[in-house]
1. Of all residues being within 11 Å of the ligand (Cβ to nearest atom) and among the aliphatic types (A, V, I, L, M) in the range 131-168, which is nearest to the chain's Cα centre (by Cα)? Just the residue, please.
2. Mind listing whichever residues of the range 112-129 are near the ligand (Cβ under 10 Å from one of its atoms), of a type in the set (D, E, K, R) and either in a loop (DSSP other than H, G, I, E, B) or exposed (fewer than 14 other Cβ atoms within 10 Å of the Cβ) (or both)?
3. Restricting to the range 80-90, what's the tally of residues that are part of a loop (DSSP other than H, G, I, E, B) and out of contact with any Leu (no Cβ under 6 Å at 6 or more places or on another chain)?
4. Just one of M76, M36 is more than 11 Å from the chain's Cα centre (by Cα) and either among the β-branched types (V, I, T) or under 30 Å from G133 (Cα atoms) (or both); which is it?
5. Conditions first: (1) modelled with pLDDT of 95 or more; (2) open to solvent by less than 10 Å² (accessible area, probe 1.4 Å); (3) not polar (S, T, N, Q). P89 passes all but one, so which condition is the exception?
6. Look at L70 and say whether it is under 21 Å from A156 (Cβ atoms) and within 15 Å of the chain's Cα centre (by Cα).
7. Return the only residue of L143, L132 being at pLDDT below 95 and open to solvent by less than 30 Å² (accessible area, probe 1.4 Å).
8. Go over the candidates V23, V51, V19, V45 one by one and state the one that is in contact (Cβ under 8 Å) with a residue 60 or more places away in the chain and either away from the ligand (no atom under 16 Å from the Cβ) or touching a Ser or Thr at 6+ places or on another chain (Cβ under 8 Å) (or both).
Amino acid sequence: MANKILLAYATKYGSTKEVAEAVAKTLENKGLDVDMQQASQVRSVKEYNSVILGAPLYMYRWHKHAVQFLKRHEKMLKTMPVVVFATGPSFKGDEKEWLETREQFSKELANFPWFKPIEVEVLGGKFDPANLGFPMKHFLKDLPAADLRDWDAIAAWAAELAGKLQAK
Ligand SMILES: Cc1cc2nc3c(=O)[nH]c(=O)nc-3n(C[C@H](O)[C@H](O)[C@H](O)COP(=O)(O)O)c2cc1C
């Protein structure tokens, strides 16, 4: 069987989809066969050798489509290498925010004791108060828009992943 990778993602405002596209591009440039799909649309992971699942954190929780993906595909995911990433830090981007996001992500993953990803990563996110509806707009209106996605760091991480997934 050819080494085929599923890159499943969830997003609310599109920034995580763009991160997933950048990861897919790097993997493809390294010669890997990547199929990118919305996590909520994936019916089966059987045809893949490995899975990358990426989604943002919102209000301390990983996007529900990512959580549902883990629940729905538990049986198969136990048998294959899985990489997960969360997008998050997009406000101050200081060490404290990164640490908090890493803790939030660890807590979310701890809800799935059976789940043993080969790689867990937190990547910067994008915040735009203009996107928000009530009541969030009211609470967060004074925060400036920010885009903490570091495309060079994303490409470097994906290139490392390519090596690991090729070896699997
Ligand atoms: C209302 C709101 C709540 C958020 N909550 C968190 C959070 O709890 N932890 C975190 O790390 N990031 C949080 N973020 C940042 C998002 O994860 C970040 O903006 C991400 O890039 C959004 O991804 P998307 O554009 O794919 O929906 C929050 C953003 C908003 C707008």
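1. Of everything passing the filter in the range 131-168, L148 is nearest to the chain's Cα centre (by Cα).
2. Once the filter is applied, which keeps residues that are near the ligand (Cβ under 10 Å from one of its atoms), of a type in the set (D, E, K, R) and either in a loop (DSSP other than H, G, I, E, B) or exposed (fewer than 14 other Cβ atoms within 10 Å of the Cβ) (or both), the range 112-129 yields only D128.
3. The number of residues fulfilling the criteria is 2.
4. Residue meeting the stated conditions: M36.
5. (1)
6. When the stated conditions are applied, L70 does not pass them.
7. L132
8. Exactly one residue qualifies, and that residue is V19.
The values are calculated or read from the model by the stated rules, or taken from the named source; none is laboratory data. All figures in this text were calculated on a predicted structure; none of them were measured in a lab. All Cβ positions, glycine included, derive from the backbone under ideal geometry; neighbour counts span all protein chains shown. For accessibility, only protein heavy atoms count, side chains too; no ligands or nucleic acids. Shrake-Rupley method; radii C 1.70, N 1.55, O 1.52, S 1.80 Å.
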